[in-house]
Amino acid sequence: MICIPIIAPTLKQALADIDRARELADLIELRIDLMDNPDIATLLKAAGKPCIVTNRTKLEGGQFKGSEEQRIHLLRQAIDAGADYVDIEASTSKNLLQSIFAAKGQTQVILSYHDFTRTPDRLGEIYEMMREVSPDIIKIISYATDINDNLAVFELLKRAGKEGKKLISFCMGENGEI
């Protein structure tokens, strides 16, 4: 499955990028944290394909500058507009996270964890904590400082498969390219 992120700073550029991505993508990720005043309903309609709406904080590798409440409000707008998926960080406060789950309707929630510096030794513990929240999909992304870090991710993917859980997981960086 090919997912193409739309990272344009303006609605006009995002719509042009969606138009180009539509032919290749199976799924489109709308990075609304990188857009000025995103019109989520217009973006979803233009995509014509399943979409993930993501609104990352700076701490999680994004650019959203507002409050946590404003960030979650935009994700709730995406749910109301019919987004297929919303991607929300596991580090989000419990009450704000619960507000997403309470409002999700048909939208699937991807619960994300990112480590941009390494692959933690405790990947299994992180997975278990995320699983307890009961998201539709768990996403664990780490940075490979050593090629063997990929083995830990492969083991986690194997475990999730045996448990019937949907897991997106890979290592970033040159050592994670395999």
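The values are calculated or read from the model by the stated rules, or taken from the named source; none is laboratory data. As the structure is a computational prediction, the values presented were derived from the model and not from experiment. Here Cβ is always computed from backbone atoms with ideal geometry, including for glycine, and neighbour counts include all displayed protein chains. For accessibility, only protein heavy atoms count, side chains too; no ligands or nucleic acids. Shrake-Rupley method; radii C 1.70, N 1.55, O 1.52, S 1.80 Å.
Identify, please: which residue in the stretch 123-154 is in contact with a helix residue (DSSP H, G or I) (Cβ under 8 Å, 6 or more places away or on another chain) and among the acidic types (D, E) and is, among those, farthest from Q98 (Cα to Cα)? Looking at residues that are in contact with a helix residue (DSSP H, G or I) (Cβ under 8 Å, 6 or more places away or on another chain) and among the acidic types (D, E), I get D146.
Anything in the stretch 1-45 that is more than 16 Å from I79 (Cβ to Cβ) and among the acidic types (D, E)? List them, or say none. Within the stretch 1-45, D17, D19, E23, D26, D33, D36 qualify. Condition test on A41, is it crowded, with 21+ Cβ neighbours inside 10 Å and over 11 Å from T107 (Cβ atoms)? Considered against the rule, which asks whether it is crowded, with 21+ Cβ neighbours inside 10 Å and over 11 Å from T107 (Cβ atoms), A41 comes out as no. Among the candidates E68, E89, the residue that is of a type in the set (D, E) and touching a Leu at 6+ places or on another chain (Cβ under 7 Å) is uniquely E68. Just one residue in the set K94, K12, K104 is under 22 Å from P135 (Cα atoms), basic (K, R) and either modelled with pLDDT of 95 or more or in contact with a helix residue (DSSP H, G or I) (Cβ under 6 Å, 6 or more places away or on another chain) (or both); that residue is K104.
Whether a residue is among the acidic types (D, E), at pLDDT 95 or above and either open to solvent by 40 Å² or more (accessible area, probe 1.4 Å) or under 21 Å from P38 (Cβ atoms) (or both) was assessed, and E60 does not pass this test.
Taking residues in the stretch 3-31 that are under 14 Å from D87 (Cβ atoms), and partners anywhere that are in a loop (DSSP other than H, G, I, E, B) and of a type in the set (A, V, I, L, M, F, W, C), the pairs with Cβ atoms closer than 6 Å and at least 6 places apart or on different chains are R31/I7.
Quick grid of which residues meet (1) modelled with pLDDT of 95 or more; (2) farther than 24 Å from M130 by Cα; (3) small (G, A, S):
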site: I2; (1), (2), (3): no, yes, no
site: I7; (1), (2), (3): yes, yes, no
site: K45; (1), (2), (3): yes, yes, no
site: L74; (1), (2), (3): yes, no, no
